[in-house]
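The values are calculated or read from the model by the stated rules, or taken from the named source; none is laboratory data. Note that the coordinates shown come from a computational prediction; the quantities given were computed from them, not determined experimentally. In this analysis, Cβ positions are derived from the backbone assuming ideal geometry, glycine residues included, and neighbour counts consider all displayed protein chains.
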Amino acid sequence: KVIQAGKQVAVLCPTTILSEQHYRNFEERLGPFGTKLALLNRFQTGRERTETLQRVKDGDIEIVIGTHALLSKEIAFKNLGILIIDEEHKFGVKQKELLKELRVNVDVLTLSATPIPRTLSMALMDIREMSLITDPPPGRLPIRTFLRPYSKEVVREAILRELARGGQVYYVYNRVQGIEHVAERLAKMVPMARIGVGHGQMNEKELEPIMVGFVKGELDILLSTTIIESGLDIPNANTLIVEDADRLGLAQLYQLRGRVGRSDVQAYAYLLYQSAKELTENALSRLQALQEFSSLGAGYSLAFRDLQIRGAGELLGAKQHGTMATVGYELYTQLIAEQVAALKNAADGVVEEVKDPLESLTPLPVFDLPVTAFVPEWYVQDQAQRLYVYQQMMSSRDLDRLAEVQAEVEDRYGQAPAEVARAFAVMRVRMRGRDAGFEKVDGSQGRLAVTFKDRTKVPPRIISLLNRRYKPCYLTRDVFVWPFTGDALSACERLLDEWDACMAELEAARALLP
């Protein structure tokens, strides 16, 4: 569509291998239609690079696929229409700053199986739009994932089992220094296997024969660093062994696991760590997450787990992960959502009504009530979606938005069970309590003990009006007490109804004053 409109397409990839694969696929599919393609990566000669850059500048190239070479100041597009960023999570902040120079009046599509915490957080806050592809290709099977201490017996058995069924094995060791010693160790364990070694410090003439040989089935085991995590599509390779898996990130491990299971054959992934070494809490969480989320299309759930483990990072700063220590997540998401909505309205020429700034900055009061209120697993089975429901509830600014969220949830998952209905009811009374000036409500011991945020702003007459409507209530030096029998949540709703009625009565009386 972009090409038909007379514009150019740029496809940015993090690795040379992936760019080569994309180029072959684009050429195979679009070449017969006369589409002009070009490739920019480190395997090109200086002369080829200069020629390609000139053709891109002249508009003779319609699709250019490349690695970080596309971020060079040397490249100039005649009429760039769309920038496609594959494996977005592989690019750092500095690279993304360079991307902004390409993105002026250009559509941008980013692709990632496991978006980094900040990217996912921005999508959840509506700063970026997000679409999910959850349906796997026909015939694909979930990859069976094993978390084990390293042992030669496990490695040997896994390799022999794969070779016995005519398959191939990826063996990942992510340190160039020492990789040859690992090759010698593997050769002793499985002497009949044909082993190839590849890593990022090899030049094209050394690396290409290894990769091509593995693709053609001339090698049984490809021992490599993480350069294989993007770009290899070999249906016959269905066992992955990762040594020192605790040294790798969650997204890296997920991408590596995605190298196997690319056909209708059952695939296996072995995540090995040194038994004598004590794993850190974060490393153990990452490995357990890989083992837990082994179903097809689990990248979104894994990205949520990564967000939990590492935090959302800085929205405008350099950190793409990290935790917020001084601001609660609930208030943070609420403020961000408001600013995003305001900016979108301003861009559309819509002037939003100016509201009391304290209304949005005031966090919701704490309601400590003996009620069961949550989203059960049987109602929303996917953990990431459950977290998303909670996030939408907590970022709702007012009762109207909360009602919209509840309607969306019930439209998607059906009639809300009692636990979910109570969760929304708790959010409603917290919002109403904020408007009433409550700071905390304790619902234990058959009474609601209300602490006000600012006692001086509570109209003195409202307490007497409340007492006239409900005799048991009373005011102490510190709290307002509302005794009740039965359900604490219903008592909160009645208290707030009476409070609103008394406030309306006060306003009506003031209006009659001369």
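I'd like to check which helices (runs of 4 or more DSSP H) are fully inside the stretch 402-514 and have at least 1 residues that are out of contact with any Ser or Thr (no Cβ under 9 Å at 6 or more places or on another chain) and touching a residue at least 60 places away in the same chain (Cβ under 8 Å).
Those helices (runs of 4 or more DSSP H) span 418-436, 488-512.
The residues of the stretch 438-465 that are surrounded by fewer than 17 Cβ atoms within 10 Å (Cβ to Cβ) and among the small types (Gly, Ala, Ser), listed by number, are Ser444, Gly446, Ser464. Going through (1) farther than 23 Å from Gly200 by Cα; (2) touching a helix residue (DSSP H, G or I) at 6+ places or on another chain (Cβ under 9 Å) one by one, Pro14 falls short only on (1).
Does Arg194 meet the test of being basic (Lys, Arg), more than 37 Å from the chain's Cα centre (by Cα) and either surrounded by 15 or more Cβ atoms within 10 Å (Cβ to Cβ) or assigned by TED's automatic domain parsing to the domain that holds Tyr268 (or both)? Answer is yes for this residue. Quick one: which strands (runs of 3 or more DSSP E) sit completely within the stretch 1-100 and have at least 1 residues that are among the aromatic types (Phe, Trp, Tyr), surrounded by 21 or more Cβ atoms within 10 Å (Cβ to Cβ) and at positive phi? Where strands (runs of 3 or more DSSP E) fall fully within the stretch 1-100, none carries at least 1 residues being among the aromatic types (Phe, Trp, Tyr), surrounded by 21 or more Cβ atoms within 10 Å (Cβ to Cβ) and at positive phi. Between Glu243, Glu204, Glu180, the distinction of being free of Cβ contacts under 8 Å to residues at least 40 places away in the same chain and either over 30 Å from Pro138 (Cβ atoms) or acidic (Asp, Glu) (or both) belongs to Glu180 only.
Whenever a residue of the stretch 63-83 is acidic (Asp, Glu), its partners that are part of a helix (DSSP H, G or I), lying with C-beta atoms within less than 7 angstrom and at least six residues away or across chains, give the pairs Glu74/Leu53. Residue check: is Gly178 outside the structural domain of Thr15 (by TED's automatic domain parsing), under 35 Å from the mean Cα position of the chain (by Cα) and on the phi > 0 side of the Ramachandran plot? So Gly178 passes the test. Within the stretch 464-478, no residue satisfies the criterion of being of a type in the set (Lys, Arg), closer than 10 Å to Glu498 by Cα and under 49 Å from the mean Cα position of the chain (by Cα). Within the stretch 146-158, none of the residues are within 25 Å of Arg42 (Cβ to Cβ) and either of a type outside the set (Gly, Ala, Ser) or exposed (fewer than 15 other Cβ atoms within 10 Å of the Cβ) (or both).
Suppose the filter is loosely packed, with under 14 Cβ neighbours inside 10 Å and out of contact with any helix residue (DSSP H, G or I) (no Cβ under 6 Å at 6 or more places or on another chain); does Arg468 pass it? Here the answer is yes, as Arg468 does meet what is asked. Within the bounds of the stretch 154-172, is there any residue that is among the aromatic types (Phe, Trp, Tyr) and closer than 17 Å to Gln255 by Cα? Yes, the stretch 154-172 has at least one match.
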